[in-house]
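Worksheet: one structure, shown below.
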Amino acid sequence: MLKYPNFAHIISVTLFPVPRSMQIVSSFSALASHLRHTCRRVCLAVVCGHDVSTFEAVRRAVDEGIAEAVFVGSCSAVRALWQSSCGSEPSGVSYVEAPDEAAAARVAVGLVRSGRASVLFKGLVHTSTLLRAVLDKQEGLLPEGAVLTHIAAAEVPGREKMLFFSDAAVIPYPTQFQREAQVGELAGLLHRLGVTEPRIALNHCAETVSEKFPHTVGYAAIIRQAAEGRWGRLRVDGPLDLRTSLDPQCLATKGIVSALEGRADALVLPDIETGNLLYKALPLFAAAKVAGVLCGTLKPVVLPSRGDDAEAKYHSLLLAVFNA
């Protein structure tokens with residue numbers, strides 16, 4: 001295998017200007033505070049939100065003035081949760097009855113598509129059922145030619161800034177076109193979060209290019225496009241492994257010079273297995289707080305894992321509301 005050349009691209013063009021008042025958002029609590037103080041309430045279309053963890057996440061956002069909610073599905077079950085938790089329903093909550101999961105998904109997608117809601121939020125509904133409605137070519141939320149991908153965010157104890165990565169939930173083995181879209185989504189989100197010059201690592205198990213791993217061959221083209229300013233002011237480098245992406249000492253020990261300097265803001269991961277393992281390993285072994293949102297759609301879609309608790313769903317909701 002050939003050693004991959006090092007790149008130190010620092011781009012001076014900014015396609016996604018950051019407001020002067022915007023501070024870098026470095027935690028979920030900071031993100032929640034930003035939304036409470038600077039944004040109008042965003043309407044959520046909640047599909048089958050009658051499970052406790054989804055309900056609690058939405059209730060918290062409503063109570064904090066971050067969101068309004070339209071619950072689509074079994075209205076009586078959601079009303080019972082309000083009665084048991086609060087005794088009464090707050091303002092900013094409404095209902096649309098639907099006879100089954102498929103109907104609820106179609107109605108909720110319609111609310112988002114029409115502009116009556118700005119975020120689609122998955123409750124106790126099968127992922128395949130919801131995605132069928134999201135991906136419907138006539139009535140869905142994915143524009144023709146767009147790439148549906150997943151961005152995860154993690155707040156890891158001891159780390160001074162949040163870590164973002166793609167893709168943990170949607171694309172099994174990204175094509176070059178899909179990987180470029182992932183870089184664009186990550187760059188755009190980080191710019192909006194106040195990171196003037198995001199650092200994005202293109203990951204592999206080593207710092208070498210090999211035809212045995214075709215994704216590494218395409219990394220050079222992505223780095224070149226970043227250097228040309230395709231995604232605004234940005235640093236991109238790779239292949240880098242996880243340690244050399246995030247640990248300056250490891251980078252120095254290996255004698256590698258990288259534009260990221262071992263301080264990546266985001267990772268573009270090789271495949272869904274890597275992304276999913278990282279998404280689940282960080283909370284399990286590092287007590288990290290995590291969130292995830294689907295991008296590429298007309299409006300953000302929150303598609304929680306069945307194992308996500310109310311806090312993780314709330315954090316995902318925050319990320320989606322910010323993206324909306």
Problem set entry | Residues satisfying the stated conditions in segment 130-155, i.e. crowded, with 21+ Cβ neighbours inside 10 Å and among the small types (G, A, S) | A133, A152, A153, A154
Seminar exercise, completed: Selection from segment 294-324 of residues over 17 Å from S53 (Cβ atoms) and buried (at least 24 other Cβ atoms within 10 Å of the Cβ) yields L294, C295, P300, V301, V321
For this session: For residues that are exposed (fewer than 13 other Cβ atoms within 10 Å of the Cβ), under 20 Å from L317 (Cα atoms), more than 24 Å from the chain's Cα centre (by Cα) and not polar (S, T, N, Q), tally how many sit in segment 91-129.
Result: 0
Exercise. Inside segment 204-215, can you point out the residues that are in contact (Cβ under 8 Å) with a residue 40 or more places away in the chain, more than 23 Å from the chain's Cα centre (by Cα) and not in a loop (DSSP other than H, G, I, E, B)?
Worked result: T208, V209
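Within segment 156-178, which residues are outside any loop (DSSP other than H, G, I, E, B) and surrounded by fewer than 24 Cβ atoms within 10 Å (Cβ to Cβ)?
The answer is L163, Q176, F177, Q178.
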Exercise. Which residues, taken from segment 124-150, are among the small types (G, A, S), modelled with pLDDT of 95 or more and part of a loop (DSSP other than H, G, I, E, B)?
Worked result: G140, A146
For this session: Scan A201, A153 and give me the residue that is in a strand (DSSP E or B) and either more than 14 Å from the chain's Cα centre (by Cα) or more than 21 Å from L282 (Cβ to Cβ) (or both).
Result: A201
Exercise. Could you say which residue among E68, E56 is part of a helix (DSSP H, G or I) and acidic (D, E)?
Worked result: E56
Seminar exercise, completed: Pairing a residue in segment 232-251 that is farther than 23 Å from F213 by Cα and assigned by TED's automatic domain parsing to the domain that holds T208 with any residue that is surrounded by fewer than 18 Cβ atoms within 10 Å (Cβ to Cβ) and polar (S, T, N, Q), where Cβ atoms lie under 6 Å and the two sit 6 or more apart in sequence or on different chains, gives G232/T14; R233/T14
Seminar exercise, completed: Checking D265, D271 in turn, the sole residue that is surrounded by 19 or more Cβ atoms within 10 Å (Cβ to Cβ) and either within 16 Å of the chain's Cα centre (by Cα) or modelled with pLDDT of 95 or more (or both) turns out to be D265
For this session: Among the numbered conditions (1) touching a helix residue (DSSP H, G or I) at 6+ places or on another chain (Cβ under 8 Å); (2) among the acidic types (D, E); (3) more than 21 Å from S26 (Cα to Cα), tell me where E273 comes up short.
Result: (1)
Problem set entry | Verdict on G238 being on the phi > 0 side of the Ramachandran plot and either in contact with a Cys (Cβ under 6 Å, 6 or more places away or on another chain) or in a loop (DSSP other than H, G, I, E, B) (or both) | no
Exercise. A30 is checked against (1) assigned to a helix (DSSP H, G or I); (2) within 30 Å of H126 (Cβ to Cβ); (3) at pLDDT below 95 and fails just one. What number does that condition carry?
Worked result: (2)
For this session: Hey, can you tell me all the residues within segment 228-257 that are farther than 23 Å from A154 by Cα, in contact with an Asp or Glu (Cβ under 8 Å, 6 or more places away or on another chain) and not basic (K, R)?
Result: I256
Problem set entry | Conditions (1) farther than 23 Å from L141 by Cβ; (2) not assigned by TED's automatic domain parsing to the domain that holds L131; number of the one not met by A310 | (2)
For this session: Quick one: in segment 194-222, of everything that is buried (at least 20 other Cβ atoms within 10 Å of the Cβ) and hydrophobic (A, V, I, L, M, F, W, C), which residue is farthest from Q182 (Cα to Cα)?
Result: V209
Seminar exercise, completed: Reported set for segment 179-196 where residues are small (G, A, S) and assigned to a loop (DSSP other than H, G, I, E, B) is G194
Exercise. If you scan segment 77-121, which residues turn out to be part of a loop (DSSP other than H, G, I, E, B), without any contact (Cβ under 8 Å) to a residue 12 or more places away in the chain and within 16 Å of F55 (Cα to Cα)?
Worked result: G87, S88, E89, S91
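The values are calculated or read from the model by the stated rules, or taken from the named source; none is laboratory data. If you're wondering where the values come from, they're calculated on a predicted model, not measured in any experiment. Here Cβ is always computed from backbone atoms with ideal geometry, including for glycine, and neighbour counts include all displayed protein chains.
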